[in-house]
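For reference, the structure is listed below as structure tokens.
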Amino acid sequence: MKNKNILITGGAGFIGSHIADTLINDNEVTIVDNLSTGNIKNLKYPNHENLNFIEADICNTDLNDVTSGIDYIFHLAAMASVPLSVENPIKCNEVNVDATVKLLKSAVDNDVRKIIFSSSSAVYGENRNMPLKETEPLMPTSPYAASKASCEVYLKSFFESYGLNYTALRYFNVFGPKQDKNSQYAAVIPNFISALLEGKQAEIYGDGEQTRDFIYVGDIVKANISACKSNFNGVVNVASGEKLTVNRLYEIVKNTLGSNLEPKYLPERPGDIKHSLADVGNMEKINLKINSGNFEKQLSDTVNWFKTTL
């Protein structure tokens, strides 16, 4: 992508900052982020001449002004935490749903070409039809998951009603450099790494036999840009298509770091799902292919990033 005007909501966050870093040299990039979970330090080029950084909350920002002249929107701003959504479902709906509808309306008003929405595998809930296809019924088990599912419905309705192009990307368990170890969203890998680097026991919720489909943040960036370039309107799983138990993941991280510490098992968290595995066939619709064989190298790169950061 070159010579485009890009808006990234939540662009100082874990994933948003990686997208910004990738696009900033060849495009005009506007970031809107209230820095509640993001950090300006996540940006590789915080003073780049192509960057317009707006520290603001999308819930109370004039989005018509922000989206004026924008070609493409990457919408990542959200309350991205299952536990927080359970504690405060009204706030979750305000941030994740109400603000998204406002953003969609402003995108229509300003003739934005396409919006790429960061959704989540959480929308599948306890659906056991593995691997999960995008056509499966949605079974959200938390307000967070329900908010993402709601936004997907709104995206489709805006496409049908106003012709606003969109792709909703259902991320599975994302990991990589810049992930906040204090985040409550899919943060099992940074939690393991940081605990072991500090000589502490890592915590596993439940028995550790729950399975996850992990995807590297660099592949998430590729998915966003590929979806933006494609003509596809709809929903796409973004994952490796391979499952891994949390216990096995811990063993890999432990061996990578040369630690002999055993984990501490805690009760399951409300709203957490037991198993997750994606059908990744739809990724070809946005011309995306992921090499899942790179997992251990990607994990090693992530470990090394945490070593230098901590």
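Taking (1) touching a Pro at 6+ places or on another chain (Cβ under 8 Å); (2) surrounded by 14 or more Cβ atoms within 10 Å (Cβ to Cβ); (3) at pLDDT 90 or above; (4) not aromatic (Phe, Trp, Tyr) in turn, Gln201 satisfies each apart from (2). Total residues in the stretch 4-37 satisfying the condition of being surrounded by fewer than 17 Cβ atoms within 10 Å (Cβ to Cβ) and either in contact with a Ser or Thr (Cβ under 7 Å, 6 or more places away or on another chain) or small (Gly, Ala, Ser) (or both): the figure is 1. When Ile225 is tested against (1) in a loop (DSSP other than H, G, I, E, B); (2) crowded, with 16+ Cβ neighbours inside 10 Å; (3) at pLDDT 95 or above; (4) of a type outside the set (Lys, Arg), exactly one condition is not met: (1).
Put simply, of Val101, Val97, Val82 the only residue that is at pLDDT below 95, under 23 Å from Gly13 (Cα atoms) and among the hydrophobic types (A, V, I, L, M, F, W, C) is Val82.
Residues are listed down the side, and each one gets a yes or a no for (1) basic (Lys, Arg); (2) surrounded by 14 or more Cβ atoms within 10 Å (Cβ to Cβ):
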site: Asn39; (1), (2): no, yes
site: Asn47; (1), (2): no, no
site: Asn50; (1), (2): no, yes
site: Phe53; (1), (2): no, yes
site: Ile58; (1), (2): no, yes
site: Leu63; (1), (2): no, yes
site: Glu87; (1), (2): no, no
site: Lys102; (1), (2): yes, yes
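Tell me yes or no: at least one residue of the stretch 136-148 is β-branched (Val, Ile, Thr) and not in a loop (DSSP other than H, G, I, E, B). Within the stretch 136-148, none of the residues are β-branched (Val, Ile, Thr) and not in a loop (DSSP other than H, G, I, E, B).
Give the residue, chosen from Tyr162, Tyr166, that is at pLDDT 95 or above, more than 15 Å from the chain's Cα centre (by Cα) and surrounded by 23 or more Cβ atoms within 10 Å (Cβ to Cβ). Just one listed residue meets the conditions, Tyr166. I'd like the residue in the stretch 251-278 that is over 18 Å from Phe172 (Cα atoms) and among the hydroxyl-bearing types (Ser, Thr, Tyr) and, out of all such residues, is modelled with the lowest pLDDT. That would be Thr256. Within the stretch 201-222, the set of residues being under 19 Å from the mean Cα position of the chain (by Cα) and either hydrophobic (A, V, I, L, M, F, W, C) or assigned to a strand (DSSP E or B) (or both) comprises Thr211, Arg212, Phe214, Ile215, Tyr216, Val217, Ile220, Val221. Among residues of the stretch 259-277 that are among the small types (Gly, Ala, Ser), those with a Cβ under 7 angstrom from a residue that is surrounded by 14 or more Cβ atoms within 10 Å (Cβ to Cβ) and assigned to a loop (DSSP other than H, G, I, E, B), sequence gap 6+ or separate chain, pair up as Gly271/Thr141; Gly271/Ser142; Ser276/Phe172; Ser276/Asp213.
Selection within the stretch 92-132: residues that are assigned to a strand (DSSP E or B) and among the hydroxyl-bearing types (Ser, Thr, Tyr). The member of this set that is farthest from Phe232 (Cα to Cα) is Ser120. Of all the listed residues (Thr67, Thr30), the sole one being in contact (Cβ under 8 Å) with a residue 40 or more places away in the chain and closer than 23 Å to Pro177 by Cα is Thr30.
Which one of Pro137, Pro143 is touching a residue at least 24 places away in the same chain (Cβ under 8 Å) and over 26 Å from Thr67 (Cα atoms)? Exactly one of Pro137, Pro143 is touching a residue at least 24 places away in the same chain (Cβ under 8 Å) and over 26 Å from Thr67 (Cα atoms), namely Pro143.
The values are calculated or read from the model by the stated rules, or taken from the named source; none is laboratory data. Bear in mind the structure is a predicted one, so any value in this text is a computation, not a measurement. Glycine gets a Cβ as well: all are built from the backbone with ideal geometry, and neighbour counts include every protein chain shown.
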